[in-house]
């Protein structure tokens, strides 16, 4: 049963990586796939810590860093939409006057 759970989580992580690589034109899709991969990594970490009866303090630190990463990604998304009007990377030009 435990091996089945790990194989499902690895499949979920690989599917998140596939979406991350295939939908690279939209910033919102990239951010959602990154958050999905972080959630899967959190579940894997939680199961690993529970399996060896370790403290769950590290999982809280991991959640704090993932929330900070999500907030930074959303602030980049909002600033990009305000300046360029959409979240396409094709319309994002570095050298603007």
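The values are calculated or read from the model by the stated rules, or taken from the named source; none is laboratory data. No experiment lies behind these values; they were computed from the predicted model shown. Please note: Cβ atoms are built from the backbone with ideal geometry, for glycine as well, and neighbour counts cover all protein chains shown.
What to note about this one:
- First in the stretch 48-74 and in contact (Cβ under 8 Å) with a residue 12 or more places away in the chain, second anywhere and exposed (fewer than 13 other Cβ atoms within 10 Å of the Cβ), Cβ under 8 Å, 6 or more apart: 51/2
- Restricting the stretch 7-33 to residues that are over 28 Å from residue 86 (Cα atoms) and surrounded by 14 or more Cβ atoms within 10 Å (Cβ to Cβ), the residue that is modelled with the lowest pLDDT: 9
- Inclusion of residue 77 among residues that are modelled with pLDDT of 90 or more and in a helix (DSSP H, G or I) is not warranted.
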